[in-house]
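The values are calculated or read from the model by the stated rules, or taken from the named source; none is laboratory data. Quantities reported herein were computed from a predicted structural model and do not represent experimental measurements. A quick note on method: Cβ atoms are made from the backbone with ideal geometry, for glycine too, and the neighbour counts reach across all protein chains shown. Note: accessible area is taken over every heavy atom of the protein model, side chains too, but ligands, DNA and RNA are not part of it. Shrake-Rupley method; radii C 1.70, N 1.55, O 1.52, S 1.80 Å.
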Amino acid sequence: MGVRYLGAEVQRMEDPRLLAGHGRYVDDITMEGMLHAAFLRAPMAHAKIRSIDSSRATELLGVHRVITHADLGAKYSHRMNQLYPAPVIEQDKTQYPLAKDEVCYVGETVAVVVADSRAIAEDALALIEVDYEALPAVVNIRTALDDDAPLAHADLSSNLMGKMRSSFGDIEDSFEKADHVFSAAFMQHRGGCHSMETRGVIARDDPWGDGLTLWTSAQSPYLIRRALATWLDESEERVRVIAPDVGGGFGPKAGFYPEEIAISLAARIMKCPVKWIEDRREHFVSTTTQRDQHWDLEVACTAEGKILGLRGKVTHENGAYVPYGILLPNSSLTPLPGAYSIPAIDVSVDIVFTNTVPNSPVRGAGRPCGIYAVERMVQVVSRELGIDPAEVRRRNYVRSDQMPYETGAKLRGGAPCIYDSGDYEALLEKALDLSDYNSFKERQAAARAEGRYLGIGVSSCIEDTGMGPYEGTTVRVESSGKVAVRTGAASQGQGHHTMIAMIVAGNLGVKPEDILFESADTAKFSHGIGTIGSRVAANVGPSAHDAASQVREKALKLAAEVLEASEADLDIEDGLVRVNGAPDLSISLGELAVKLTPMSAMRVPTGFDPVLEATSFDGSSGAPIACGSNVAEVEVDPGTGEVKVLRYSVAHDCGVMINPMVVHGQIVGGVVHGIGNALFERMIYDDQGQPLTMNYGEYLLPLASEMPRVDVTHMETPSPLNSLGVKGAGEGGTIPAAAAIVAAIENALEEFSVEIDYYPVDPQYLTELIDKGKVQAAE
Amino acid sequence: MKPAPFIYHDPATPEEAVALLSQHEDAKVLAGGQSLMPMLNMRFVLPDHVIDLNGVAGISGVVDSGSTLEIGAMTRQRDLVRDPAVNAKIPIMPEALEHVGHFQTRNRGTIGGSLCHLDPSAELPCLMAAYDAVLSAHGPDGVRDIPFTEWPLAYMIPTLGPDELLTKITVPYWSANHGYGFVEFARRHGDFALIAVAALLETDGDTILQASISIGGAGVRPVRLAEAEAALVGGNIGADAFKAAAEVARGIDAMSDAYVSSAYRQRLAATLVERALIKAGERAKGSA
Amino acid sequence: MADTRDIEVTVNGESHAANVETRTSLGDFLRHGLGLTGTHMGCEHGVCGACTVMVDGEAVRSCLMLAVQTNGHEVTTVEGLAEDDGTLSPLQEAFWKHHGLQCGFCTPGMLTSLTAFLRDNPDPSERDVREAISGNICRCTGYQGIVDAALDVAKTMQKGS
Ligand SMILES: Cc1cc2nc3c(=O)[nH]c(=O)nc-3n(C[C@@H](O)[C@H](O)[C@H](O)COP(=O)(O)OP(=O)(O)OC[C@H]3O[C@@H](n4cnc5c(N)ncnc54)[C@H](O)[C@@H]3O)c2cc1C
Ligand code: FES
Ligand code: FES
């Protein structure tokens, strides 16, 4: 019986509709009487608003209303709530839905125009006159904490938002005992969201009907429901949030945005549905991003390359507001020992305000930064001691016989970080095999003879996935025999429908096609958390499995009574309960459902609850730790500084794979995102906080033409933390990528002694390093 | 990102188009739209009138005059890639066009649009400089010819009156056995070049008879490396000669901007001039 | 007053007469004028390729054309790729089989672009396919499934011909 679809390469059930052009993304939805909105946004990074005159804009034909902070009235005059309060936030700053008297980044919402069409709304924006008094802006986090630095908000005491620290083991002892101490400093830049679908919201408010409904392109509808209800001071029951088809999320769509409040209020004021679709220029300046982190680290090790300790300091750019608490710096620290058993760590983070777009996690959240930092230091040890990078890793991995292994670090919620299962060394060997690592030196020498520079880089990572507390699933058999499955978890392309249908169908004994899947509508499922941090498979998965099991049990029990057979002799296949050995004796799940939902005055069979349905919130009892080892092979053109990724090999372990095809897609997509971070994506601001990369000719997303084929192989070490043995897979491709690429570049340019101290590694910077190396070699 | 309102015109002849341009103060000509439409959508330009050239007769297509190709300004980049005369006489043009955006943008984008838009990093102006092409502008008083050296006036501004239209580009082609090489460095396929180089070499088998080297992307107008060209003529095809030309390229004036420095552009110019010449040299020998 | 024009355009074989504001892009007209929301707007400045449709058989950016410019022309959108009875085209099938889509937002532009590309280049190399879709950004898939789908279709077409 049971889980026969688990592990099968099932083609996705959501695809035929999307392929035919019948997806339903927010902008595809229209409503009777709907108006269109556009936002006026701050043109400078820091300024006082002296006055706003919207009279000319209001007079424009087709404009219905221009709304500013002042127009919202006392009830709606407060700042947005902190989604993730934390004691380490020393100075908290959240936005007003529409700026009150100060703007703190280019792109901050100042006013919203509601008009007959988006084009007219945009026409009106040009007619709103705002009198700004420019204030100095702070942009560079290296100097943001200096005494004479401009303040990101007029009323801050300094630009320090707060401090964090991850500290365990005896760090002093580690450094005293060490044969060697090496240091390195580097900057990490991570780019923005750039889901191909921008954000977008439709709000409809019907106070006498079904209340406030929001269709929004989001990852966490329940978080938005609560945040919106709280801000409005209304009941969550009267707020419904729906995430329809979502065209990519990657983290920044997991938050709660000023536009979601402003459009809700616009709908309330106008008494009709209002739509706002973020355009791409708005996306650059208003969708939260990740930005810079500076790391200064020291590593202590033995002469054999065994790492004893890691210490140092990080400066983390927070942007202008704190919509998301300290999630990012936190997830940068959690993975700090990486895949290695490092007895002592002491790293602290200064979280710094700047006049730029607020921060949020982007694919991997801080994990790519934390892993990059560890991997850099392993690389430094390898280089300084002249030990092969793969060998250094072997000497330091947490071994499989040490599992479960408590690192000493803390997860987001404060629980200890425990590596649950995995064989990191075996995984590395798989990656090395896949990449023909052992014959690389020959390839390199042959290429060098032709004047070409090849390099190879290795990196390993762990990823805490499946964070709690829960996600739920309801499974209900309809009278037709179709099975309605509902969950809270929104999908932005990860294929939840297919995954959950496979689990339920396999467990219940129906065809996946007979499953009617609905998700991400707060009115259809009571509660959920959201699709973030590679947590869905390890949370929704077990809940779907459990709910289906409960329904199966109930069905079998009832069928045993009806068919007068023993439960042990029953099996369910294609929606039909059969008695083994008596092929004519059967009853369909639909018929059983009808028995449990009889007509009025009829009776529900004794001993049974009505409705052939079950809900479960079964999840993971901790954070399953996925792991991966990557090998990148690159070619560097010293004439131009161009880096070409020739090969990219991944060995990945996310526990039991529900649908290997989907896992493969997550890994490959994640790697390409990571290569984008390593080589291409850079959001540049000038020293006044003006964004300079505002279109896709300037902000470079990875294209098919530059991306390598990614070879992927898997291990499946089941997680002991949930019923399916699964771990998350959504970010494991991204997390180690930059470290592998940067190591490979350095390896290619070894003869120039190139040491890379920031990414994205751009070609100009590389040529400068090469030239410097040449000069040094000549001296 | 919706364009500001404008009034749309679709003239049928160059004369009608010119008349509309003369009549309307704030008018923009719409060719392939691959540069203008993004600027309209972003409201970087807000013309009162848009004059669509897509229905104008007689300003697209390629004619071989015997020594030149006469190319209509509205000839689509994709049609140039496929055109037999272009492939036979100016084979470097399809090579350059492979770098101009993507096949979908080349399906609409025109040669005239690219030359009028005059992005410093664009490939086609660089190529036209290499060929000393002549551009014909149609105005209220008829047609005047403008040598390419006089075409770029300032940053992204061609020598074109507000009521003039580019209608034709005349490209004098080289002998059948010339060698050519178009190379560029862009961050990604289809991006505007950071530096682009077009090199043409004509030989009698050994000796270089004629050379043209044009560098795009360094400044507001393409740079011809006259000094290096002169040094090559009379000499042989060879690595040293090409290296010397590359060193001349390293000395050109180059701009710096938010993304790259002038020193890096100079370095690219040197690297790419050498590579373009090597390519051209190989092809010249091959066809001699 | 808004500048408008009457146009007649054939979309997916069906002719439509409409009065359009001249500043309206082809993409917005298809989506909001005709309700063909399969065509997606990802950047509205010509780079992402999500909005790609075929005009008279050639793949173009619908964000960089005005609706009025299609007067008298034929447009094919993603909705026009499958058979009338809903049977997916071989390319659509191959995308499905090779997991060539995740969120599906870039997919319409990928499909229209590759449909035109494969018609003109029936035997492409992997490099050719990657360059062909260099004007189509996908944030989800890493492109591999898309490239594999295109190569698979080309191979099948070769065998069939
Ligand atoms: C994603 C993308 C990538 C691109 N990459 C490149 C690249 O790598 N290299 C490159 O060179 N280009 C690139 N381009 C731009 C190129 O595609 C355009 O075709 C070209 O710059 C303009 O040509 P057009 O016919 O589209 O002109 P339009 O956009 O219609 O017009 C451009 C300008 O020229 C004026 N104009 C046009 N024709 C005439 C005329 N006959 N007389 C007078 N004025 C006229 C217009 O008024 C306008 O100001 C890219 C575009 C996109 C969208
Ligand atoms: S929306 Fe047209 S190319 Fe992006
Ligand atoms: S599938 Fe999401 S952008 Fe391509």
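Taking every residue in C:55-67 and counting other chain Cβ atoms within 10 Å of its Cβ, the average works out to 6.
How would you classify chain A from its alpha-carbon gyration tensor, with a ≥ b ≥ c the square roots of the eigenvalues: rounded for a/c under 1.5, else prolate if a/b is greater than b/c, otherwise oblate? Don't skip to the answer; put the middle values down first.
Values: a/c = 1.94, a/b = 1.13, b/c = 1.72.
Since a/c reaches 1.5 but b/c is at least a/b, the shape of chain A is classed as oblate.
Between the amide H of C:Tyr143 and any residue lying 5 or more places away or on another chain, no distance stays under 5 Å, with hydrogens modeled in the peptide plane.
Round to the nearest 0.05 the FRET efficiency obtained for A:Asp173 and A:Ala126 when R0 = 60 Å and r is the Cβ-Cβ distance. After rounding to 0.05, the efficiency reads 0.40.
Given a 1.4 Å probe and no ligands, DNA or RNA in the count, how much accessible surface is buried by A and B, both sides, to the nearest 100 Å²? Could the numbers behind the result be given before it?
Numbers: alone 29010 and 12920 Å², together 39640 Å².
Answer for the A-B pair: about 2300 Å² buried.
At the residue level, C:Thr24 shows approximately 40 square angstrom of accessible surface with a 1.4 angstrom probe and all protein chains present.
Under a 5 Å amide H cut-off, with hydrogens placed 1.01 Å from N, C:Met65 pairs with C:Leu26, C:Gly27 among residues at least 5 apart or on other chains. Separation of the alpha carbons by more than 30 angstrom is noted, of A:Lys727/C:Lys159; A:Lys482/C:Lys155; A:Lys430/A:Lys727; A:Lys48/A:Lys410; A:Lys595/A:Lys727; A:Lys177/A:Lys772, for A:Lys727/C:Lys159; A:Lys482/C:Lys155; A:Lys48/A:Lys410; A:Lys595/A:Lys727; A:Lys177/A:Lys772. About the centre of its Cα atoms, segment C:4-80 shows a dipole size close to 220 debye [charges on the beta carbon of Lys, Arg (+1) and Asp, Glu (-1) only; nearest 20 debye].
As a fraction of the 1.4 Å probe accessible area of segment B:62-172, surface on carbon and sulfur atoms comes out at 54 percent.
Estimated from the Cβ-Cβ distance and a Förster radius of 41 angstrom, the FRET efficiency linking B:Arg144 and A:Thr58 is about 0.25. Using the Karplus relation 6.51 cos²θ - 1.76 cosθ + 1.60 with θ = phi - 60°, the per-residue 3J(HN,Hα) values for segment B:63-77 come to 10, 8, 8, x, 10, 9, 9, 9, 10, x, 4, 8, 5, 6, 4 Hz, with x marking Gly and Pro.
Taking Cα centre as origin and charging only the Cβ of basic (Lys, Arg, +1) and acidic (Asp, Glu, -1) residues, the dipole magnitude of segment B:179-287 rounds to 380 debye. The residue list A:Tyr84, A:Ala111, A:Pro136 was ranked by how far each Cα lies along the charge dipole of segment A:22-145 toward its positive end, using unit charges on Cβ atoms, and A:Tyr84 comes out on top. A straight line joining the Cα centroids of segment A:645-719 and segment B:66-104 runs 36 Å. Each peptide in B:13-23, B:166-176 receives the mean, over its residues, of other Cβ atoms within 10 Å, and ordering these scores from highest gives B:166-176, B:13-23.
Taking all protein chains in place and a 1.4 Å probe, what share, in percent, of the accessible surface of segment C:4-80 do carbon and sulfur account for? Of all accessible area on segment C:4-80, carbon and sulfur atoms account for 38 percent. Summed over both chains, the area buried between C and B is near 2500 Å², taken from the accessible surface of protein heavy atoms with a 1.4 Å probe. To the nearest ten degrees, helix B:14-23 and the longest principal axis of the Cα atoms of chain B are 60 degrees apart. For A:Ile684, project a label point 7 Å along Cα to C-beta. Then give me every residue of segment A:174-189 with its amide nitrogen under 19 Å of that point. Residues A:187-189 fall inside that zone. For the residues of B:95-105, the average number of beta carbons from a partner chain within 10 Å of their own beta carbon is 6. Cβ-Cβ distance of A:Arg448 and C:His73, R₀ of 51 Å, FRET efficiency by 1/(1 + (r/R0)^6): the value works out to about 0.40. Taking a ≥ b ≥ c as the square roots of the Cα gyration tensor eigenvalues, segment B:7-52 comes out oblate, since a/c reaches at least 1.5 and a/b does not exceed b/c.
Once you keep just the Cα pairs under 8 angstrom separated by 6 or more residues, what percentage relative contact order results for segment A:147-297?
On the way: 207 pairs, mean separation 50.7, N = 151.
Relative contact order here is 34 percent.
A straight line joining the Cα centroids of segment C:24-94 and segment A:144-180 runs 52 Å.
Among the residues of segment B:183-214, those with an accessible-area drop of 20 Å² or more from chain alone to full protein complex, heavy atoms and 1.4 Å probe, are B:Phe185, B:Arg187, B:Arg188, B:His189. Taking every residue in C:22-31 and counting other chain Cβ atoms within 10 Å of its Cβ, the average works out to 4.
Can you tell me which of A:612-618, A:547-553 comes out highest on packing, and rank the rest after it, using the mean Cβ neighbours within 10 Å?
Working: A:612-618: 21.0, A:547-553: 22.7.
Ranked by mean Cβ neighbours within 10 Å, highest first: A:547-553, A:612-618.
Per-atom-type breakdown for segment C:90-160 gives carbon and sulfur 55% of the accessible area (1.4 Å probe, protein chains only).
Sorted by packing (mean other beta-carbon atoms within 10 Å per residue), highest first, where do B:151-161, A:738-748, A:622-632 land? All intermediate terms of the calculation are to be shown ahead of the outcome.
Numbers: B:151-161: 15.6, A:738-748: 27.9, A:622-632: 30.4.
The peptides rank, most packed first, as A:622-632, A:738-748, B:151-161.
By the rule of a C-alpha distance below 16 Å, with chain neighbours fewer than 8 residues away ignored, the aspartates and glutamates paired with A:Lys511 are A:Glu9, A:Glu14, A:Glu478, A:Asp571, A:Glu573, A:Asp574. Accessible surface calculations at 1.4 Å, restricted to protein heavy atoms, place the protein assembly as shown at 34 Å² per residue. In terms of its C-alpha gyration tensor, segment A:680-779 comes out oblate, because a/c is 1.5 or above while a/b does not outweigh b/c. Please give the net charge around C:Cys51, taking every other residue with its beta carbon less than 15 angstrom from that of C:Cys51, where Lys and Arg add +1 and Asp and Glu add -1. Cβ neighbours under 15 Å give a net charge of -3. Going from the chain on its own to the full set of protein chains, segment C:34-52 has these residues losing 50 Å² or more of accessible surface (heavy atoms, 1.4 Å probe, no ligands, DNA or RNA): C:Thr37, C:Glu44, C:His45. These residues, B:Met39, A:Met694, go from largest to smallest accessible area, 1.4 Å probe, as B:Met39, A:Met694. Say the dipole of segment A:268-396 comes from +1 at the beta carbon of Lys and Arg and -1 at that of Asp and Glu; which of A:His283, A:Pro361, A:Cys301 then lies farthest toward its positive end? The one lying farthest along the dipole's positive direction is A:His283.
Around the amide H of C:His16, modelled in the peptide plane, lie the amide H atoms of C:Val9, C:Thr10, C:Val11, all under 5 Å away and 5 or more residues distant in sequence or on another chain. Placing +1 on the Cβ of every Lys and Arg and -1 on the Cβ of every Asp and Glu, with no other charges, gives the protein assembly as shown a dipole of roughly 1180 debye about its Cα centre. Accessible-area loss of 30 Å² or more (1.4 Å probe, protein heavy atoms, chain alone versus all protein chains) is found in segment B:9-47 for B:Gln34, B:Met37, B:Pro38, B:Asn41, B:Met42, B:Arg43.
Here the simple spin-label model places points 7 Å from the Cα toward Cβ, and for A:Ser439 and A:Glu755 these points are separated by 3.5 nm.
Counted by Cβ distance under 12 Å from C:Cys63, the other residues give a net charge of +2, where Lys and Arg count +1 and Asp and Glu count -1.
Buried accessible surface for the A/C chain pair comes to about 4100 Å², total over both chains, computed with a 1.4 Å probe. Kindly express, to the nearest 10 degrees and within the range 0 to 90, the angle between helix B:262-287's C-alpha long axis and the longest C-alpha principal axis of chain B. Here the helix axis deviates by roughly 70 degrees.
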